[in-house]
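Report on one structure; see the data block that follows.
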Amino acid sequence: MKPITVLWFGGGQDSTALLYLLHFSSTWKAKYLGTSELVVIMSDTGNEYPNTYEHIAEVSSFCKVHDIEFHFITADMGFHSSTWHSLQAQFEKNQNIMSVALPKSCTDKLKITVCYNFLEQLLKERYGFTGNRKKAFYEYHKKFGKLTCIIGFAKGEESRQLAPEYVQFELFEEFKPPEPTIPVYRKATINQVYPLIEMGLDRADCQEVIQSYGFKVPIPSNCMMCPFQSAPELIYLH
């Protein structure tokens, strides 16, 4: 009946560095885990690079060896919505494509919502909480306080804390960024923390952290069909 701390795992360099720091570094473990147990959760977008899926398998094995709870949520598990089984499935179902000029809803639909759907079920099974409509999060809050969720945004990515769609307003500067759209239950029960930003680690630092523990640096995690790609990412896609 110990509290948990959740690491939202993205399959890329930042969250991988965080995982290793939270496991190997006594300083990071004391600061961000305390007496809680680490639970690592990732949602499958269905459109990651093969290299990323290979890395996820390696991380899953690492967690198993070191007794870290790791969950990779695939569409067949029932936590994805019927219209968002994967990025491509959504395109095919609705006969559409993504664009930098349209709302960026994929992050919420394929990652955030899926992960919190799964986390709700995990809390019920782990602690015996009952009820629907996010009641498990309120029960957890009543018993342990706010549930800490660790997010792997690195130094230099501070704007990503505002809203998933914020990157569009960096591309189109004439528009004012929206206020973060956070559900009421998450405002009341979830404590989001950004250790890499707090500790001043950027992407290059994360790469060094991974190598310092003797592991291969994975490619950055990114959906293959994402229109928000840099020129080098497009070349890699080709």
All positions within the stretch 222-238 that are hydroxyl-bearing (Ser, Thr, Tyr) and surrounded by 12 or more Cβ atoms within 10 Å (Cβ to Cβ) | Tyr236
Kindly indicate the residue of the stretch 65-78 that is more than 17 Å from the chain's Cα centre (by Cα) and not in a helix (DSSP H, G or I) and also farthest from Leu38 (Cα to Cα) among those meeting that condition.
-> Gly78
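This table checks each residue for (1) assigned to a helix (DSSP H, G or I); (2) of a type in the set (A, V, I, L, M); (3) farther than 24 Å from Leu123 by Cβ.
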{"site": "Ile41", "(1), (2), (3)": "no, yes, no"}
{"site": "Asn47", "(1), (2), (3)": "no, no, yes"}
{"site": "Ala57", "(1), (2), (3)": "yes, yes, yes"}
{"site": "Ser60", "(1), (2), (3)": "yes, no, no"}
{"site": "Cys63", "(1), (2), (3)": "yes, no, no"}
Across the stretch 84-102, what is the number of residues that are farther than 17 Å from Met224 by Cβ and either modelled with pLDDT of 85 or more or in a helix (DSSP H, G or I) (or both)?
-> 3
Would you check which residues across the stretch 1-30 are more than 16 Å from the chain's Cα centre (by Cα) and over 12 Å from Thr148 (Cα atoms) and list them?
-> Met1, Lys2, Leu21, His23, Phe24, Ser25, Ser26, Thr27, Trp28, Lys29, Ala30
Residues that are assigned to a loop (DSSP other than H, G, I, E, B) and over 14 Å from the mean Cα position of the chain (by Cα), drawn from the stretch 191-223 = Met199, Gly200, Leu201, Asp202, Tyr213, Gly214, Phe215, Lys216, Val217, Pro218, Ile219
Consider Phe79 carefully, then state whether it is of a type in the set (A, V, I, L, M, F, W, C) and touching a helix residue (DSSP H, G or I) at 6+ places or on another chain (Cβ under 9 Å).
-> yes
Would the stretch 53-71 turn up any residue that is aromatic (Phe, Trp, Tyr) and in contact with a strand residue (DSSP E or B) (Cβ under 6 Å, 6 or more places away or on another chain)?
-> yes
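So that you can scan it fast, the table gives a plain yes or no per residue for (1) within 24 Å of Leu18 (Cα to Cα); (2) touching a residue at least 60 places away in the same chain (Cβ under 8 Å); (3) in contact with a strand residue (DSSP E or B) (Cβ under 9 Å, 6 or more places away or on another chain); (4) crowded, with 16+ Cβ neighbours inside 10 Å:
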site: Ala188; (1), (2), (3), (4): no, no, no, no
site: Glu198; (1), (2), (3), (4): yes, no, no, no
site: Gln207; (1), (2), (3), (4): yes, yes, no, yes
site: Phe215; (1), (2), (3), (4): yes, yes, no, yes
site: Pro220; (1), (2), (3), (4): yes, yes, no, yes
Note: among Thr27, Thr35, just one is in a helix (DSSP H, G or I) and among the polar types (S, T, N, Q), namely Thr27
Please indicate, with yes or no, whether at least one residue in the stretch 125-134 is under 21 Å from Gly10 (Cα atoms) and modelled with pLDDT of 85 or more.
-> no
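The values are calculated or read from the model by the stated rules, or taken from the named source; none is laboratory data. Not measured: the values here are computed from a predicted model. Note: ideal-geometry Cβ built from the backbone for every residue, glycine included; neighbour counts use all protein chains shown.
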